[in-house]
Amino acid sequence: MNLKRRNIVITGGTAGIGLELVRQMQQENDLLVIASNEERLEHLTRAFPRIMTCRADLAQLSEVEAAAAAARRYFDRIDVLINNAAIQYTPTFVEESFDYASIEREVTVNFTTVCALTSLLLPALIHDGEAAIVNVNSGLGLMPKKNSAVYCATKAAVNVFSQSLRHQLEDTNVRVLQAFMPLVDTAMTTGRGNDRLSPAQAANAMLRGIALGIEDNDIGEIRLLRSLVRFAPGIARKIMKAA
Ligand SMILES: NC(=O)c1ccc[n+]([C@@H]2O[C@H](COP(=O)([O-])OP(=O)(O)OC[C@H]3O[C@@H](n4cnc5c(N)ncnc54)[C@H](OP(=O)(O)O)[C@@H]3O)[C@@H](O)[C@H]2O)c1
């Protein structure tokens, strides 16, 4: 899909990979960015005045519904929905700092909201042109690490959801794509690993995948990981445990 003159809805376009996606798409497309932090959203509109924004805490389904309604008001048709926003809590279940309340929040932002926005925006995505739902996934959705168990599970759920949705939409104009990210240098990965992609590199690879219509776009080291998961799962499990 040619990413020019498209109506695009993106969650979490105010930081990290999402911000870079916005930066690289904003000149040639109409964008609605949904995120929760008011200050960051204001900063975004100052930097890119053409962009429309909507403040919503995607951990609250009532706010997800309001954001979807705003998207339907802004755009009579939507060409691309990018489900990018996610959160990751790292404490293990045996650590004292583990917060029980984080479970619902993480599952809602990372998974339930992806399904909810898909459902609420699908009527605007189904039209006589090309359209795509793009879910940002992770190597941790293919093979989990030790900590962030709930995060890993939500990404695995997004993967399975995306594959099933692909079947459901095969007779429509809507393609379901995923971008599997390796370690990228954002707030989510502060202090982890030395060999991280820059958000600009990650966004660039993701946009190339959308342009080429790659269903499961394995970025950077994810290509190797996917082969290991298939042919040497024991090695993949060992490597990813400490990722
Ligand atoms: N960084 C990596 O190494 C890596 C690796 C694999 C996959 N990924 C995936 O890539 C995507 C982007 O990650 P990132 O590293 O760029 O994250 P990030 O830098 O932490 O940015 C997250 C974005 O999501 C938004 N967000 C978070 N919670 C939200 C909420 N409750 N409601 C609305 N918006 C919310 C944030 O905006 P506000 O704070 O304004 O709400 C921000 O714009 C995620 O799906 C992540 O799982 C990242």
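Values quoted throughout were computed directly from the atomic coordinates according to the rules given, and no laboratory measurement underlies them. On a predicted model such as this, the values are computed, not experimentally measured, just so you know. Glycine also receives a Cβ, built like all others from the backbone with ideal geometry; neighbour counts cover every protein chain displayed.
General remarks:
- For K145, a cut-off of 22 angstrom between C-alpha atoms picks up these lysines, skipping any fewer than 8 places away in its own chain: K155, K238, K241.
- Exposure proxy shown here: for C115, C54, the number of other Cβ atoms within 10 Å sets the order, fewest to most, as C115, C54.
- Additional length obtainable on full extension of the chain from R5 to Q27, 0.36 nm per residue less Cα span: 7.0 nm
- Diffusion of the chain by Stokes-Einstein, at 25 °C in a medium of 0.890 mPa s and with Rh set to the Kirkwood radius over alpha-carbon pairs, works out to 135 µm²/s.
- Both numbers refer to the Cα atoms of segment 179-243; Rg and Dmax are 12.8, 34 Å.
- Separation of the E39 and I239 label points, Cα + 7 Å toward Cβ, nm: 3.9 nm
- Counting other Cβ atoms within 10 Å as a rough exposure proxy, the listed residues K155, K146 run K146, K155 from fewest neighbours to most.
- Each part gets one Cα centre, and for segment 159-187 versus segment 43-102 those centres are 17 Å apart.
- Each helix, a run of at least 4 DSSP H residues, gives -39500 (n - 2.57); summed and divided by the residues of the chain, these come to -13500 deg cm²/dmol at 222 nm.
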